[in-house]
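Heads up, the thing below is written out as structure tokens.
The values are calculated or read from the model by the stated rules, or taken from the named source; none is laboratory data. Everything numeric here is computed off the predicted structure, so don't read it as measured data. Here the Cβ is made from the backbone with ideal geometry for all residues, glycine too, and neighbour counts use every protein chain on show.
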Amino acid sequence: MDLILTGSEIWQIAAVKLLFYLFIGLGILFYFKIKKPTVFISLIAGFLGATYLALIYGSQLTWWGLQGDEIFVTAFLQKMAAGQFFSDFFYSSLPPFYHPLYFWLVGLLAFLFKLNGISAAQLGVTLVLILLPFIVYVWQKTHWQTKLAEWQIVLNSALIFVVADWTAIILKPYEFLSAVLVVFWTAFLLTDLENKKIDLGKVIFYGFTGGLLFMTYYFWFLPVAIALTVFKLFSKVNTKRYFSVLTIVGILAIIVSSPFLLPLIASYISFGSENWSQAYFIPEFLDLYLPFFEFSIFGLVSLVGLLTMIFYWSKPFIKSLATIFGAMYLWQFINLLTIIFWQVTFLPAKPFLFLGGAVLTISAAYGIGFFINEKIKSEKIRIGLFILGWLVLANQLLGGSFVDQPDTQKQLVTMKQPLRGEFVNLINNLKDVENIQDLTILSSGIPQISAYLPLDFYISYNIHFSHPAANFSERHLFISELASSVDSDSFYQKLINSPIDKVDALLFFKAEEYYPVIFGIDNYPSGVSEEEIKISKNLINEQYFVTVFEDEHFVFFKIKEPR
């Protein structure tokens, strides 16, 4: 079926193209007239933010139409927007197990401005695109001081946005943000250690920022921990001092992240832990990450980044980047061993897209800067290189060739489609239920509504999104036992004596003779498979349940208190 664009999508594309030409024209003009670094950083940030706002103009849903990981992202933001800052996205009685800092900050704004999970997610993307260029610029300027020319710092801040997949950033901007900042954090820390420029103030700074980054996306610190260990093999720093500094930084980072860690650890102690969130696996996770051999601008930049790590290895900063890059492959290698011996994996390819991309582009930026400083002295050639580089950058940013892709234009249409009518009616009905946010609901599996209401579920619809302390398997077994009840009495008795949490209400799809409860179950090595548990309609009657509302698609029951 051919893609059909309406006048609205044509307006969006035209607006992005206008921004594209303005970005190019103003960049070249400012190069000759102003030439201030902050002007170019502002141009990049403004172009990214304005482009994204143009792309989501008129949207009613998230980029992929509220699918996949978008569901838990928007559900988490909706919980924050409702003021539930210390709750899991599906289990209100449990603390967050997913990295909360980004969601706390964006959720606070959503809370203040009364946004739902959809709008909050879009706000988060916008803020990351606008703020990240400034954060990277200021951090580099503070670290390098006069050691790097201003234009090199701008180049380093710009090239991080030459990425492999813009849709991944739109989906999880916090992963991209944290990956870039963790690379700088690690490289600056190791460079200071190597150059013996670590003092108490810097130790405190790295500990504090490390804690913040850990709460933004802690997974990156797994390959980084490998890199920090391996780097010592190539460093002449005293071993005792090296690991003492890293230990102190680590302790400070843990202290800073204690608002996240302490409640989480307490929940594991109280309820145990069954971690399925990292168990998701598909065979593609074992693919080799070799972007420098791909024919694309990102592939070319990756090749430059790789060559920089080879030829400028002696520089501590580049050596740090190379160590991080090698640690990612070592992480995948460790996962290969766990697969061979135990059939267990822990996201073997996760570091590559964002962390690997950040390492390669940052390395490339420094390599290009070093080369130009050492080899290119002619002002005319430098002008030509700037214009060429600015054009390439414009094409690689969100408002460049990304907008011309059919898949992108398809999503411009998809995002404008309203939420399905039956879901809208369901949300409106649920809003009328007294104290709906205080009820623990056993649901058929209707996760999209969590982007609009801060609901508390008895069990997650997807095993990979379930809190480790929720003990998904025990809850799932309970649902199976519920469905096997022989009559309404036994069904009711099981419900009011449910393990782990009390069940207050039932929210079901309607079928002919039963109510389905649908789960996404781990299906190694093929990701996830769907399972349906059928609960007979005969098990629910007026003696034990109150029908709060019912339409042709859904029914909502409250469980009566036992007499």
Only listed residue being acidic (Asp, Glu), more than 23 Å from Asp88 (Cα to Cα) and part of a loop (DSSP other than H, G, I, E, B), chosen from Glu481, Glu512: Glu512
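So which of Ile521, Ile540, Ile500 ends up being touching a residue at least 24 places away in the same chain (Cβ under 8 Å), of a type in the set (A, V, I, L, M, F, W, C) and crowded, with 19+ Cβ neighbours inside 10 Å? Even if it seems obvious, please write down each step before you answer.
On the way: Ile521 fails: crowded, with 19+ Cβ neighbours inside 10 Å; Ile500 fails: crowded, with 19+ Cβ neighbours inside 10 Å.
Answer to the check: Ile540.
Could we say that Ala120 is over 15 Å from the mean Cα position of the chain (by Cα), not assigned by TED's automatic domain parsing to the domain that holds His467 and not polar (S, T, N, Q) here? Break it down stepwise before answering.
Details: over 15 Å from the mean Cα position of the chain (by Cα): no; not assigned by TED's automatic domain parsing to the domain that holds His467: yes; not polar (S, T, N, Q): yes.
Criteria not met by Ala120.
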Region 423-437 - residue that is in contact (Cβ under 8 Å) with a residue 40 or more places away in the chain and under 29 Å from the mean Cα position of the chain (by Cα) and, of those, surrounded by the fewest Cβ atoms within 10 Å (Cβ to Cβ): Gln437
Residue match in region 211-231 (condition: touching a Phe, Trp or Tyr at 6+ places or on another chain (Cβ under 9 Å), among the aromatic types (Phe, Trp, Tyr), crowded, with 16+ Cβ neighbours inside 10 Å and outside any helix (DSSP H, G or I)): yes
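Hey, could you check region 387-399 for residues that are of a type outside the set (Phe, Trp, Tyr) and out of contact with any Ser or Thr (no Cβ under 9 Å at 6 or more places or on another chain) and say which is farthest from Pro37 (Cα to Cα)? So that I can check it myself, show each step before the final result.
The initial filter retains those residues of region 387-399 that are of a type outside the set (Phe, Trp, Tyr), namely 387-389, 391-399.
Next, from what is left, pick out any that are out of contact with any Ser or Thr (no Cβ under 9 Å at 6 or more places or on another chain): 387-389, 391-394, 396.
Numbers: Ile387: 16, Leu388: 18, Gly389: 15, Leu391: 17, Val392: 18, Leu393: 16, Ala394: 17, Gln396: 20 Å.
So, considering only residues that are of a type outside the set (Phe, Trp, Tyr) and out of contact with any Ser or Thr (no Cβ under 9 Å at 6 or more places or on another chain), the one farthest from Pro37 (Cα to Cα) is Gln396.
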Meets criteria (at positive phi and in the same structural domain as Phe234 (by TED's automatic domain parsing)) for Gln332: no
Exclusive hit being surrounded by fewer than 18 Cβ atoms within 10 Å (Cβ to Cβ), touching a residue at least 40 places away in the same chain (Cβ under 8 Å) and either in contact with a Leu (Cβ under 7 Å, 6 or more places away or on another chain) or among the hydrophobic types (A, V, I, L, M, F, W, C) (or both), set Leu131, Leu189, Leu148: Leu131
The one condition in (1) part of a helix (DSSP H, G or I); (2) under 21 Å from the mean Cα position of the chain (by Cα); (3) of a type outside the set (Lys, Arg) that Gln60 fails to fulfil: (1)
Within region 281-319, considering residues that are surrounded by 16 or more Cβ atoms within 10 Å (Cβ to Cβ) and of a type in the set (S, T, N, Q), the one nearest to Gly400 (Cα to Cα): Ser302
